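None of the figures in this text is laboratory data; all of them are computed from the coordinates on show. Keep in mind the model is a prediction, meaning the values are calculated, not measured. Reconstructed Cβ throughout: ideal geometry from the backbone, glycine too, with neighbour counts over all protein chains shown.
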């Protein structure tokens with residue numbers, strides 16, 4: 001279930017200095033609803049507990065210097081891939097703000113660890129690189145449209161963010177064929193934003209391009225503050241070819257943060273790599 005008010009935010013901490021941008025985004029978003037921020041570190045064996053708790057205290061101090069609301073921490077033994085999503089749901093979190101350091105080593109073959117973490121949960125994930133949150137907030141949101149109905153279920157959170165920050169929303173889609181035109185999906189989305197009194201622009205890219213890269217390029221060109229997309233990578237992360245187009249979004253060169261929403265109702269009969277266009 002998508003919550004339009006973000007009152008509990010989970011921030012996984014790997015204790016790397018370049019992950020502090022996640023703390024800044026969490027603090028920025030938490031101030032809007034006076035949210036409770038929970039810092040999380042997952043260890044593989046209990047013998048690491050004492051050291052991890054010492055390091056966590058330093059991150060608590062950093063978080064408290066950025067945000068005056070409620071901040072708590074958790075250090076737990078478990079597996080990062082499944083653990084973050086499970087703890088987010090257990091703690092009734094409305095958003096996970098997760099730092100990422102790019103695709104490294106075998107992840108180029110096996111797929112992004114960040115996407116595996118995100119795909120294990122229906123809680124929305126805001127994935128941030130090193131770019132810090134801007135003072136003006138989230139003035140421009142870019143939303144890729146891939147003509148699958150799940151986006152209608154996830155629109156309330158995107159609309160709520162746009163209303164909160166008085167954002168301009170850019171809907172990006174590929175060229176429409178007759179079948180897609182008949183669905184009226186773009187019109188439904190436009191209508192939802194219009195009803196919410198949110199400014200909305202349309203932009204289309206050629207079907208001959210990689211859609212995710214085209215979206216990232218467009219977002220960089222308009223100097224967007226956030227990309228909001230539906231995550232379908234769960235359909236092929238565990239196939240022989242796990243490379244996901246979502247990776248081209250979350251690791252975009254402009255380091256624009258990406259909000260990924262994994263559908264609660266997933267299609268279990270999809271085994272091939274779906275094309276966004």
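For region 19-178, the relative contact order is 23 percent, taking Cα pairs closer than 8 Å that sit 6 or more residues apart in sequence and dividing their mean separation by the residue count.
Among 68, 100, 262, 164, the order by Cβ neighbours within 10 angstrom, fewest to most, reads 68, 164, 262, 100. Which FRET efficiency value, to the nearest 0.05, is calculated for residue 31 and residue 92 with the Förster distance at 22 angstrom and r the Cβ-Cβ distance? E(calc), rounded to 0.05, equals 0.65.
Here the label points at residue 81 and residue 190, each 7 Å from Cα along the C-beta direction, are separated by 4.3 nm in the simple model. Remark on region 8-99: hydrodynamic radius 13.1 angstrom, per the Kirkwood mean of 1/r across alpha carbon pairs.
Sorting 31, 62, 140, 16 from the fewest to the most surrounding beta carbons within 10 angstrom yields 16, 31, 62, 140.
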